[in-house]
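Asker: This structure is in structure tokens; I'll ask about it shortly.
The values are calculated or read from the model by the stated rules, or taken from the named source; none is laboratory data. On a predicted model such as this, the values are computed, not experimentally measured, just so you know. Virtual Cβ from ideal backbone geometry, glycine too; neighbours counted across all protein chains shown. These area figures cover heavy atoms from the full protein model, side chains too; ligands, DNA and RNA do not enter into them. Shrake-Rupley method; radii C 1.70, N 1.55, O 1.52, S 1.80 Å.
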Amino acid sequence: MSINILNSSKSEVKDAESLRQLQYIEKAKEKVAALEKKLGRKLTACTVTFGCQMNARDSEKLLATLKLVGYEEATTENADFVIYNTCTVRDNADQRLFGRLGQCSSFKRQNPYMKVAVCGCMMQEQSAVDKIKKSYSFVDLIFGTHNIYKFAELLDTCLESDRMIIDIWKETDKIVEDLPVLRKYPFKSGVNISFGCNNFCTYCIVPYVRGRERSRSPKEIIRECEKLAQDGVREVMLLGQNVNSYGNDFKEGDPDKISFAELLEEVCAVEGLRRVRFMTPHPKDFSDELLDVIERNPKIARHIHLPLQAGNDEILRRMNRRYTKESYLKLAEKIRKRLPDVAITTDIIVGFPGETKEAVDDTIDVVRKVSFDNAFTFIYSKRAGTPAASFEDQVPEEVVKENFDRLLKVVQETARSQAAKLSGRTETVLVEGVNDHDDSLLTGRMSNNTLVHFPGDKKLIGEFVDVRLDECHGFYYMGTLA
Ligand code: SAH
Ligand code: SF4
Ligand code: F3S
């Protein structure tokens with residue numbers, strides 16, 4: 001874990017709100033120090049993250065605050081401060097939280113000084129907060145996505161209170177810059193470019209729990225990228241629910257109003273950065289300008305994650321995706337033609353209300369035609385409050401299961417055949433760490449996002465090296481340093 005804490009000194013901080021939060025860090029620090037003295041030991045804290053890269057990035061901010069306050073990082077939930085950063089995109093994410101909270105209660109019984117906090121997307125839903133109040137009343141602090149920047153203040157309040165503190169905001173138009181962050185990797189980092197989503201796909205809870213789309217100013221984004229690069233970061237991933245609608249919320253005539261393609265090009269120009277990724281573009285907003293920028297900037301990773309969700313026009317219409325099977329195929333074809341080295345990956349939902357076997361055949365047809373390099377397939381999960389939750393023709397479980405298995409087989413076929421194409425090539429990879437199962441091997445990520453494992457020295461972690469791709473094992477490669 002990198003211990004570089006960005007923006008932690010007051011002289012670098014401009015945002016008034018983040019200055020206020022730094023003052024709370026000082027206050028909370030005194031409380032933690034006093035408790036340490038009383039207990040005669042160091043205090044520990046653990047962050048548990050569910051969900052997407054946005055949440056992972058938020059957790060880096062939470063952990064920075066906890067460390068600045070004086071907690072040592074713990075890897076298990078048997079700690080003095082545990083914070084769960086939740087996701088609610090599908091029901092299984094919700095269930096995972098309740099399982100973990102159940103286990104956590106036994107740690108809390110053994111440690112009277114332990115504090116438990118829950119934050120993130122799921123806390124934006126009243127029903128989830130009610131359930132915690134009723135069944136997990138040992139939780140000390142609950143807050144949501146819009147006021148996460150206030151964590152230092154909430155932590156300070158929590159440390160001096162015995163009552164459950166709940167602070168949830170319905171909406172915000174605020175972006176607080178300059179909060180401390182503690183990166184998980186010293187050499188790569190996510191960078192938020194926008195928050196929230198305006199698309200309202202009918203199955204999706206994200207617009208309700210993350211609010212309306214708010215783009216960060218391009219100056220702030222570039223400033224953050226420059227700082228990260230100075231700090232040793234070599235690869236950034238620009239994050240947003242719909243990155244290619246970046247800037248649409250700026251008014252005409254605002255000098256900040258630039259397109260995502262222009263922003264991407266500016267980020268590529270930041271000295272010290274060697275690779276730039278982005279996640280997630282929406283097919284309906286994918287411009288030719290963006291393709292031009294990717295084509296002429298070798299720093300941009302050769303990977304486009306282009307969520308399909310479904311391949312049938314009627315289902316796409318009912319999902320409110322605002323593209324058709326044909327327009328998606330055209331776009332994918334254009335990408336393949338102009339950028340033959342780019343891996344195209346996708347997300348697909350099976351079992352959306354009204355989805356027939358024939359509709360799934362359309363999806364499978366798209367998978368075959370695009371020959372996706374990888375696809376995340378999800379079973380539709382009904383989210384309360386979304387339009388699709390009240391659609392009448394919900395699909396029976398056994399039909400969903402059958403369609404899911406059929407789709408998965410084809411996805412695996414195309415992914416295998418795409419990966420196999422790289423055999424024998426030499427690729428530049430960013431070495432991310434030691435292999436999970438064999439510590440004589442390193443794991444590197446290619447520009448197109450494929451992983452390769454190869455023998456090498458730990459000193460190479462964080463470096464770009466050339467690796468020969470010897471053997472394809474389905475989704476990853478075994479290789480040797482070139
Ligand atoms: N903004 C991104 C990511 C959204 S969440 C996008 O538009 O793609 C990540 C993925 O979760 C989505 O692409 C979708 O495939 C899946 N997902 C979202 N809501 C879902 C639901 N109710 N049930 C099943 N999968 C869902
Ligand atoms: Fe959800 Fe659609 Fe927004 Fe993605 S684009 S976050 S799927 S509403
Ligand atoms: Fe989950 Fe929230 Fe991300 S619901 S997928 S953590 S935006």
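Asker: Looking only at segment 193-209, count how many residues are part of a loop (DSSP other than H, G, I, E, B), more than 9 Å from ligand 1 (Cβ to nearest atom) and hydrophobic (A, V, I, L, M, F, W, C).
Answerer: Residues flagged as part of a loop (DSSP other than H, G, I, E, B), more than 9 Å from ligand 1 (Cβ to nearest atom) and hydrophobic (A, V, I, L, M, F, W, C) within segment 193-209 amount to 2.
Asker: From the set of residues in segment 169-192 that are more than 28 Å from Val431 (Cα to Cα) and either in contact with a strand residue (DSSP E or B) (Cβ under 7 Å, 6 or more places away or on another chain) or not in a loop (DSSP other than H, G, I, E, B) (or both), which is least open to solvent (accessible area, probe 1.4 Å)?
Answerer: Once the filter is applied, the top-ranked residue is Ile175.
Asker: Give just the number: which of (1) within 18 Å of Val89 (Cβ to Cβ); (2) open to solvent by 10 Å² or more (accessible area, probe 1.4 Å); (3) within 14 Å of ligand 3 (Cβ to nearest atom) does Pro207 not satisfy?
Answerer: Pro207 satisfies all of (1) within 18 Å of Val89 (Cβ to Cβ); (2) open to solvent by 10 Å² or more (accessible area, probe 1.4 Å); (3) within 14 Å of ligand 3 (Cβ to nearest atom) except (2).
Asker: Next question. Evaluate segment 140-154: report whether one residue or more is surrounded by fewer than 22 Cβ atoms within 10 Å (Cβ to Cβ), among the acidic types (Asp, Glu), assigned by TED's automatic domain parsing to the domain that holds Lys38 and within 16 Å of ligand 1 (Cβ to nearest atom).
Answerer: There is no residue in segment 140-154 that is surrounded by fewer than 22 Cβ atoms within 10 Å (Cβ to Cβ), among the acidic types (Asp, Glu), assigned by TED's automatic domain parsing to the domain that holds Lys38 and within 16 Å of ligand 1 (Cβ to nearest atom).
Asker: Further question: Out of the residues in segment 83-96 that are more than 11 Å from ligand 3 (Cβ to nearest atom) and under 22 Å from His146 (Cβ atoms), state the one that is nearest to the chain's Cα centre (by Cα).
Answerer: Here the residue is Tyr84.
Asker: Here's something else I'd like to know. Hey, can you tell me all the residues within segment 212-247 that are open to solvent by less than 30 Å² (accessible area, probe 1.4 Å), of a type in the set (Asp, Glu) and in a loop (DSSP other than H, G, I, E, B)?
Answerer: Glu213
Asker: Do we find a residue being outside the structural domain of Val276 (by TED's automatic domain parsing), in contact with an Asp or Glu (Cβ under 6 Å, 6 or more places away or on another chain) and open to solvent by less than 20 Å² (accessible area, probe 1.4 Å) anywhere in segment 430-439?
Answerer: yes
Asker: Same structure again: Just to be sure, is Glu213 of a type in the set (Asp, Glu) and within 15 Å of ligand 1 (Cβ to nearest atom)?
Answerer: So Glu213 fits the description; yes.
Listed here are the residues, each with its yes/no results for (1) at negative phi; (2) assigned to a helix (DSSP H, G or I).
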residue	(1), (2)
Gly51	no, no
Met54	yes, yes
Asp58	yes, yes
Ala79	yes, no
Thr88	yes, no
Gly99	yes, yes
Lys108	yes, yes
Lys131	yes, yes
Phe138	yes, no
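Asker: Those residues that are open to solvent by 10 Å² or more (accessible area, probe 1.4 Å), among the small types (Gly, Ala, Ser) and modelled with pLDDT of 95 or more, I need them from segment 248-296; list them, please.
Answerer: Correct list: Ser259, Ala269, Gly272, Ser287.
Asker: Now for a different question. Go through the residues of segment 158-166 one by one and say whether even a single one is crowded, with 18+ Cβ neighbours inside 10 Å, in contact with a Leu (Cβ under 9 Å, 6 or more places away or on another chain) and on the phi < 0 side of the Ramachandran plot. Lay out the reasoning, then the answer.
Answerer: Initially, segment 158-166 is screened for residues crowded, with 18+ Cβ neighbours inside 10 Å, giving 158-159.
Applying the additional criterion that residues be in contact with a Leu (Cβ under 9 Å, 6 or more places away or on another chain) yields 158-159.
Still in the running and on the phi < 0 side of the Ramachandran plot: 158-159.
The answer is yes; a qualifying residue exists.
Asker: Report every pair of residues separated by at least 6 positions or lying on different chains whose Cβ atoms are under 8 Å apart, first residue within segment 228-243 and closer than 15 Å to Ser447 by Cβ and among the aliphatic types (A, V, I, L, M), second within 16 Å of ligand 1 (Cβ to nearest atom) and part of a strand (DSSP E or B).
Answerer: Filtered contacts from segment 228-243: Val236/Gly190; Val236/Arg277; Met237/Gly190; Met237/Arg277; Met237/Phe278; Met237/Met279.
Asker: Considering segment 329-368 alone, what residues qualify as being of a type in the set (Gly, Ala, Ser) and in contact (Cβ under 8 Å) with a residue 60 or more places away in the chain? Working first, answer last.
Answerer: Here is the first cut: in segment 329-368, the ones of a type in the set (Gly, Ala, Ser) are 332, 343, 351, 354, 359.
Correct list: Ala343 only.
Asker: Something else about it: Among the residues that make up segment 312-329, is at least one of them within 16 Å of ligand 3 (Cβ to nearest atom), farther than 25 Å from Asp292 by Cβ and not assigned by TED's automatic domain parsing to the domain that holds Lys284? Please lay out each step first, then the result.
Answerer: So in segment 312-329, the residues within 16 Å of ligand 3 (Cβ to nearest atom) come out as none.
No, segment 312-329 has no match at all.
Asker: While we're looking at this one, here's another question. Val410 passes all but one of (1) β-branched (Val, Ile, Thr); (2) farther than 28 Å from Asp347 by Cβ; (3) in a helix (DSSP H, G or I); which number fails?
Answerer: For Val410, the exception is condition (2).
Asker: Now, a different point. Could you check how many residues of segment 176-223 are away from ligand 2 (no atom under 16 Å from the Cβ), farther than 26 Å from Ser447 by Cβ and in contact with a helix residue (DSSP H, G or I) (Cβ under 7 Å, 6 or more places away or on another chain)?
Answerer: The total comes to 6.
Asker: Let me ask another. Only residues that are exposed (fewer than 15 other Cβ atoms within 10 Å of the Cβ) and of a type outside the set (Asp, Glu): list them for segment 351-386, please.
Answerer: Lys357, Arg368, Phe376, Ala384, Gly385
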